[in-house]
Amino acid sequence: MTQPVPSRPETSSSRREAFDTRGAVVGVVIPAYRVAPQIERVIRGIPSWVTSIIVVEDESPDDTAERVVRLADPRVTLIRHAVNRGVGGAMKSGFAEAIRQQLDVVVKMDGDDQMDPSHLPVLVTPLLDGAADVTKANRYSSLGSLRGMPLVRVVGNAGLAFLVKMASGYWNIFDPANGYVAIRGEALARIDVASLPNRYFFESGFLIELGIQRAVVVDVAIPARYADEHSSLSPWRVLFEFPPRLVFGLARRIFWRYYVHDFTALSVYLLLGVPLLAWGLGFGITQWLQLHLANQFASAGVVMMAAMPIILGAQLLLQAVAHDVQHVPRTPITPPFARLRTR
């Protein structure tokens with residue numbers, strides 16, 4: 001259910017902050033679940049040049065929605081879910097509304113006040129300059145930022161970051177799990193929003209879809225801030241649920257990017273390398289088991305028949321990885337703002 005919030009005179013000093021959006025209409029999507037203590041502070045902190053604030057109350061058991069309504073900010077559109085769908089489900093609803101409103105730039109901000117709105121100009125500027133289709137905050141930009149982050153998050157994010165880089169193809173970004181993201185409206189419209197993942201895999205799945213589209217994603221140095229909020233994402237869920245989904249995402253990206261939308265040297269490397277490596281490993285393991293049970297030694301010919309395909313296959317796969325790293329998207333898929341329609 002979508003409902004506008006009744007308006008009242010603006011009172012927040014942050015509303016007076018000036019920033020030249022160059023005629024672009026900027027909006028913020030906020031997934032809100034159990035954030036009643038923080039949601040008012042988050043909305044008040046969003047500067048006046050942000051035209052639209054889309055709050056998606058994801059069947060929160062507290063009074064998050066009531067607090068949003070009481071703020072009476074005329075920019076707010078409140079969407080309420082009758083059933084909890086997770087952060088991904090909330091963002092899908094918010095993105096769909098952003099597309100309906102024809103926003104030029106859409107920013108994702110969480111409702112727990114970890115994402116400082118004072119950094120919005122830095123996040124949005126590369127999009128306005130035409131240098132990127134998507135920008136993501138990077139919490140690892142300085143040692144000071146790392147000191148403010150819990151150790152368990154530093155270690156967990158480092159491992160997850162590598163897997164997400166491999167699955168999405170964005171080897172150039174350093175904090176892929178960060179949810180502070182801005183995207184051009186035209187790039188968002190190219191994605192099948194309804195097919196994006198629900199729950200906490202949303203950020204990773206979103207990057208994989210962007211990788212298939214070859215959108216340009218740029219890191220922006222923005223520190224996170226941690227206060228009294230508590231993450232409900234279980235480390236065990238990340239450990240056991242994310243890797244299989246990332247492997248599947250990698251397979252999808254490779255198929256669409258290198259065999260449907262294009263055919264490059266990487267396509268050949270994989271077509272030769274994967275069968276060679278698989279055959280060499282299968283043949284070598286089978287021969288080792290048979291000879292071990294028979295208490296015999298392998299001949300030089302048998303060893304070479306297993307070793308050579310493994311070596312060649314591994315080398316071809318390494319070349320495929322190097323090719324993928326070197327061909328990170330660098331040309332935005334969306335046009336400069338000068339070409340956008342006049343509003």
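All told, Asp73 falls short of being under 22 Å from Thr125 (Cβ atoms), assigned by TED's automatic domain parsing to the domain that holds Gln102 and part of a loop (DSSP other than H, G, I, E, B). The lone criterion from (1) out of contact with any strand residue (DSSP E or B) (no Cβ under 8 Å at 6 or more places or on another chain); (2) surrounded by fewer than 22 Cβ atoms within 10 Å (Cβ to Cβ) left unmet by Val35 is number (2). All of (1) part of a helix (DSSP H, G or I); (2) aliphatic (A, V, I, L, M); (3) touching a residue at least 40 places away in the same chain (Cβ under 8 Å) hold for Met305 with one exception: (3). Looking at this structure, is Ser48 buried (at least 17 other Cβ atoms within 10 Å of the Cβ), of a type in the set (S, T, N, Q) and either assigned to a loop (DSSP other than H, G, I, E, B) or assigned by TED's automatic domain parsing to the domain that holds Leu103 (or both)? No, not satisfied. Taking region 163-201 as the range and being modelled with pLDDT of 95 or more and on the phi > 0 side of the Ramachandran plot as the test, only Gly169 passes. Only one of the numbered conditions (1) closer than 25 Å to Ala194 by Cα; (2) assigned to a helix (DSSP H, G or I) is violated by Pro126, and that is (1).
Answer yes if at least one residue in region 293-301 is surrounded by 12 or more Cβ atoms within 10 Å (Cβ to Cβ) and at pLDDT below 95, and no otherwise.
For region 293-301, residues surrounded by 12 or more Cβ atoms within 10 Å (Cβ to Cβ) and at pLDDT below 95: present.
For region 191-206, residues that are part of a helix (DSSP H, G or I) and within 23 Å of Asn138 (Cα to Cα) total 8. Taken over region 17-39, the criterion of being farther than 18 Å from Leu128 by Cβ and among the hydrophobic types (A, V, I, L, M, F, W, C) is satisfied by Val29, Ile30, Ala32, Val35, Ala36, Ile39. Of all residue pairs spaced 6 or more apart or on separate chains, those with beta-carbon atoms under 6 Å, a first member in region 28-49 that is at positive phi and a second member that is of a type in the set (Gly, Ala, Ser) are Arg34/Ser60. Would you mind telling me which numbered condition in (1) over 19 Å from Gly179 (Cα atoms); (2) modelled with pLDDT of 95 or more Ala18 fails? It is condition (2) that Ala18 fails. Restricting attention to region 264-302, the residues being within 18 Å of Ile254 (Cα to Cα) and either in contact with a Cys (Cβ under 6 Å, 6 or more places away or on another chain) or not in a helix (DSSP H, G or I) (or both) number 1. When region 168-186 is filtered for residues that are over 18 Å from Gly88 (Cα atoms), among the hydrophobic types (A, V, I, L, M, F, W, C) and in contact (Cβ under 8 Å) with a residue 60 or more places away in the chain, only Trp171 remains.
The values are calculated or read from the model by the stated rules, or taken from the named source; none is laboratory data. Note that the structure is a prediction, hence the values are computed from the model and not measured. Positions of Cβ are backbone-derived with ideal geometry, glycine not excepted, and every protein chain shown enters the neighbour counts.
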